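Colleague: One structure, as structure tokens, below. Some questions next.
Since every read-out is calculated from the coordinates, none of them should be taken as a lab result. Computed from a predicted model, the values in this text were never measured in an experiment. FYI the Cβ positions are ideal-geometry reconstructions off the backbone, even for glycines, and counts take in every protein chain you see.
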Amino acid sequence: MSELANASPTIQEPRDVFTPQVLYPHVGTVWFVGQRHNVTWDTSNAPVNITNKIGRILLRQGGLTTPIILADGFSILLGKIEVTVPWVLDGDDYQVNLFGDSGDFSDFFTIQGST
């Protein structure tokens, strides 16, 4: 117990939440199953101390995030990452969900080519 009483507090650097705007895909974008595209986001206002710099991109449909991982394990500071369009049903209600230390959604876009 005396060890705990003598322990000095650990000082941590303050961390900031980074919420970059997804630039692509955007309204009017059409992806076709099997194509490769660069998902892009704005890194111009990235804080120095980001809470989580490791990115993940998930696919959303109809306002719900699916378990489909488009990319994982990349630096959120890259500003872009190439993804392959998965086989999904045709629709115009898709979004990408960019995760670092927050979840940022793209505009709605279309995926075609499943039929």
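Colleague: Apply the a/c threshold of 1.5 to the C-alpha gyration tensor of the chain and tell me whether it is rounded, prolate or oblate. Before the final figure, lay out the partial values.
Modeller: Working: a/c = 3.30, a/b = 2.47, b/c = 1.34.
Since a/c reaches 1.5 and a/b is larger than b/c, the shape of the chain is classed as prolate.
Colleague: With contacts defined as alpha carbon pairs under 8 Å and 6 or more residues apart, what's the relative contact order of the chain in percent? All intermediate terms of the calculation are to be shown ahead of the outcome.
Modeller: Values: 254 pairs, mean separation 38.5, N = 115.
Across the chain, relative contact order equals 33 percent.
Colleague: Based on the alpha-carbon gyration tensor of segment 47-115 and its eigenvalue square roots a ≥ b ≥ c, which shape applies: rounded if a/c is under 1.5, prolate if not and a/b is larger than b/c, or oblate? Intermediate values should be presented prior to the final figure.
Modeller: On the way: a/c = 2.66, a/b = 2.07, b/c = 1.29.
Here segment 47-115 falls in the prolate category.
Colleague: Now for a different question. What residue among VAL83, PHE18, GLY55 has its Cα farthest toward the positive end of the dipole of the chain, where the charges are +1 on Lys, Arg and -1 on Asp, Glu, each on the Cβ?
Modeller: It is VAL83, whose Cα lies furthest towards the positive end.
Colleague: To continue, here is another question. At a Förster radius of 30 Å, what calculated FRET efficiency corresponds to the Cβ-Cβ distance of VAL48 and ASP93, to the nearest 0.05? Mind dumping the intermediate values first?
Modeller: Values: r = 37 Å, r/R0 = 1.23.
For R0 = 30 Å, the calculated efficiency reads 0.25.
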